[in-house]
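J.: Could you have a look at this structure, given as structure tokens, before my questions?
The values are calculated or read from the model by the stated rules, or taken from the named source; none is laboratory data. Given the structure is predicted, the values throughout are model-derived calculations rather than measurements. No Cβ is skipped: glycine too gets one built from the backbone with ideal geometry, and neighbour counts run over all protein chains shown.
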């Protein structure tokens, strides 16, 4: 009796045993990169001296940094295009669409494995794929033909029964999961949805749920490849790519849960965590300054069409900035054919580019002191591009109703008040397939002659030295629970244009938390440490949150626990991730304390636990690491690239 997840893993297993907690290696068929993280991937491929892509398909999307307020983003786009030509990747031009739904439309196929340098890569699990978000360096390794190493997760079966009631949609399903389990509830787990309730969820509905599995901290989310997936691929003109993949009847899962869809109501995540979920009715009446519909968390035609139907013939509240982010060029064409774009514009909506935009803080920042209601996946502090923001996350139905009223509104209450039923949407059976903005890989003989086009803001990756035998340094920063990678290395129009320039990016490290951190690190010059709480490094997969602090001298983070992707990124760049064996020791360490570890290299090679001495307070704490033997060697060398170079010279 096997699950969909077990079938996908078993068919790609290169090494290791499929026992939860053991390290396994998987063959990777596809890769996805986007421009906020992909520039580093291309620099890593250059450092690895790759000749050509060795995957089934690799695609570089330009969807995050679309604003061209100066030359930096445009220069990066040219660099990415030249890198795709040089190494044989597909190139999705700026404005073609958000990577996740666009990849689903054009390249995703049931049964394939994929890694992406974006934490929402698991959205492709909606097609019956095993898609995992990782750091850029691991994507670069996969592009070069290497397997992905990861800890074998537990398989968490979530049985869906019943049917969604009116004015409740897929976003409310995943918000219910977050309400129950919080932002770390899925750590080291694959969430597999099954049951009769799936019959009412389209492939793009499932994308909504799989996408935000990342907010639960899950390794990935998978759905079966069934009739709904076949219908989606047929609409995209790709039915030949369909393969049925179903869980065996009576499959036993490592963990189980059940959601009766009929009992759900509109839900909303309050500022400033995706896990801070309550019913919309409990916060109804909160005033709004902005409503944004779009992003990879609600990317389907249905998500925009339902909002358009609700606002048709009406006008957005005069105090609300009503913003629409179409998620792909294809979707915008279909939305326009339906007349829905006309209805949105008539209601006062501003139509933005097909891309991530406000989700990553690249435009659409809210006004100070006002609430912003968004259909996006994350609401971490400052992610919107405004330092003091208040972002709420909800479904398109809740967003549209609230845009009309100017306050957070339960769409059921709005419908009753204005006397309307849930819209009956007539979505096209065939999508407007548009491949004009996709550039296919060049033939090998042409690709070999391509020169990389680098603007002045594109700087080579820094080289990092091996881990020392004795580590001693001050605690330059102490942070609390659930620190996100957005808080470590911020997004937004101020910082992201420097994503290809680590020395400049380092100036923004922890800017949201402590703007003086990078100054202290530069002045100190030597090795230093950071102390953190639970779930350190949640959120985005961006490896800038590891590379930039390492550039500033960070050699170890001691925390109560780590988020999966960031933990791996730290190891990839030679930063030691250590956990307190006694979480109470966290309270005994103060900023500025000097910590020391003797015989560090010997300890790492020989044991899981060892002592850290607080020189300032004459105290000792026991810490542990979760590194495999392979990872220990990598950290000792100073990171994955340094280890690769070491092998090449020996």
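J.: Could you tell me whether residue 217 is closer than 24 Å to residue 265 by Cβ and either at pLDDT 95 or above or touching a helix residue (DSSP H, G or I) at 6+ places or on another chain (Cβ under 8 Å) (or both)?
T.: Answer is no for this residue.
J.: If we scan the range 61-78, do we find a residue that is touching a helix residue (DSSP H, G or I) at 6+ places or on another chain (Cβ under 9 Å), in contact (Cβ under 8 Å) with a residue 60 or more places away in the chain, part of a strand (DSSP E or B) and surrounded by 24 or more Cβ atoms within 10 Å (Cβ to Cβ)?
T.: no
Every residue, every condition in (1) closer than 21 Å to residue 225 by Cα; (2) modelled with pLDDT of 95 or more; (3) outside the structural domain of residue 294 (by TED's automatic domain parsing); (4) out of contact with any helix residue (DSSP H, G or I) (no Cβ under 6 Å at 6 or more places or on another chain), yes or no:
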residue: 113; (1), (2), (3), (4): yes, yes, yes, yes
residue: 119; (1), (2), (3), (4): no, no, yes, no
residue: 122; (1), (2), (3), (4): yes, yes, yes, no
residue: 125; (1), (2), (3), (4): yes, yes, yes, no
residue: 133; (1), (2), (3), (4): yes, yes, yes, no
residue: 166; (1), (2), (3), (4): no, yes, yes, yes
residue: 174; (1), (2), (3), (4): yes, yes, yes, no
residue: 180; (1), (2), (3), (4): no, yes, yes, yes
residue: 205; (1), (2), (3), (4): yes, yes, yes, no
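J.: For the range 341-360, indicate whether the set of residues that are part of a loop (DSSP other than H, G, I, E, B), assigned by TED's automatic domain parsing to the domain that holds residue 309, in contact with a helix residue (DSSP H, G or I) (Cβ under 7 Å, 6 or more places away or on another chain) and within 17 Å of residue 63 (Cβ to Cβ) is non-empty.
T.: For the range 341-360, residues part of a loop (DSSP other than H, G, I, E, B), assigned by TED's automatic domain parsing to the domain that holds residue 309, in contact with a helix residue (DSSP H, G or I) (Cβ under 7 Å, 6 or more places away or on another chain) and within 17 Å of residue 63 (Cβ to Cβ): present.
J.: Return yes when residue 308 is in a helix (DSSP H, G or I) and surrounded by fewer than 24 Cβ atoms within 10 Å (Cβ to Cβ) and no when it is not.
T.: no
J.: Identify the single condition in (1) under 23 Å from residue 423 (Cα atoms); (2) at pLDDT below 95; (3) assigned to a loop (DSSP other than H, G, I, E, B) that residue 330 does not satisfy, given that it satisfies every other one.
T.: Status for residue 330: all satisfied but (3).
J.: Follow-up question, since we're still on this one. Looking only at the range 220-230, which residues are in a helix (DSSP H, G or I) and in contact with a helix residue (DSSP H, G or I) (Cβ under 7 Å, 6 or more places away or on another chain)?
T.: First pass over the range 220-230, keeping only residues in a helix (DSSP H, G or I): 227-230.
Answer for the range 220-230, where residues must be in a helix (DSSP H, G or I) and in contact with a helix residue (DSSP H, G or I) (Cβ under 7 Å, 6 or more places away or on another chain): 228, 229, 230.
J.: Just one of the numbered conditions (1) surrounded by fewer than 20 Cβ atoms within 10 Å (Cβ to Cβ); (2) in contact with a helix residue (DSSP H, G or I) (Cβ under 9 Å, 6 or more places away or on another chain); (3) assigned to a helix (DSSP H, G or I) is not true of residue 548; which one?
T.: It fails just one condition, (1).
J.: Can you confirm whether residue 216 is under 30 Å from residue 383 (Cα atoms) and crowded, with 20+ Cβ neighbours inside 10 Å?
T.: Criteria met by residue 216.
J.: Another question about this same structure. Might you check whether a residue that is in a helix (DSSP H, G or I) and closer than 23 Å to residue 510 by Cβ occurs anywhere in the range 591-604? Write out each step before concluding.
T.: If we filter the range 591-604 for residues that are in a helix (DSSP H, G or I), which is where we start, we get 600-604.
Still in the running and closer than 23 Å to residue 510 by Cβ: none.
No, the range 591-604 contains no residue that is in a helix (DSSP H, G or I) and closer than 23 Å to residue 510 by Cβ.
J.: Continuing with the same structure: Here is a list: 525, 445. Which entry is on the phi > 0 side of the Ramachandran plot, surrounded by fewer than 16 Cβ atoms within 10 Å (Cβ to Cβ), without any contact (Cβ under 8 Å) to a residue 60 or more places away in the chain and out of contact with any helix residue (DSSP H, G or I) (no Cβ under 8 Å at 6 or more places or on another chain)?
T.: Only one candidate qualifies: 525.
J.: Does residue 510 satisfy being touching a helix residue (DSSP H, G or I) at 6+ places or on another chain (Cβ under 9 Å), assigned to a loop (DSSP other than H, G, I, E, B), closer than 22 Å to residue 548 by Cβ and at pLDDT 95 or above?
T.: Against the criterion (touching a helix residue (DSSP H, G or I) at 6+ places or on another chain (Cβ under 9 Å), assigned to a loop (DSSP other than H, G, I, E, B), closer than 22 Å to residue 548 by Cβ and at pLDDT 95 or above), residue 510 qualifies.
J.: Please go through the range 91-117 and pick out each residue that is part of a loop (DSSP other than H, G, I, E, B) and over 21 Å from residue 241 (Cα atoms).
T.: First, the residues of the range 91-117 that are part of a loop (DSSP other than H, G, I, E, B): 93-96, 98, 107-112, 117.
The answer is 93, 94, 95, 96, 98, 117.
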